[in-house]
Amino acid sequence: MTANPTPDKVDTVAVDLRLDRISRLYNSFDPAPFYEKELEAAADDYIVAEGLLIVGWVAMWGPLDIFLYGWWPIRSRYKLFDRLARIDVEMRSLR
């Protein structure tokens, strides 16, 4: 996939930033905004918490699937076996 060249495209652009603190350049939730900056503790905690939340949902999906959807066939089979257990059976000789 290639972009169409535009005739009025400028090769370089200068951006002038005026900040009261250098820390405003960094997003604390961005894990790697610049290679020189270390990951902040708050961002690290956020990433770990989100990862644990995802792992928890994945681990709970199996039991939740059975609880919400999987018990219908189990219930149907139970009712079928219950009806089969209650039928009267008569045995006759073939002679």
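Applying both filters, DSSP loop and at most 15 other Cβ atoms within 10 Å, to the GluC sites (Glu not before Pro) of the range 38-81 gives Glu38.
By other beta-carbon atoms within 10 Å, ranking Ile74, Ile87 with the fewest at the front produces Ile87, Ile74. The distance between label points at Leu19 and Leu80 comes to 6.7 nm (points 7 Å beyond Cα on the Cα→Cβ vector).
Laboratory data are not the source of any read-out in this text; all were calculated from the coordinates shown. None of these values were measured; they are calculated from a predicted model. Positions of Cβ are backbone-derived with ideal geometry, glycine not excepted, and every protein chain shown enters the neighbour counts.
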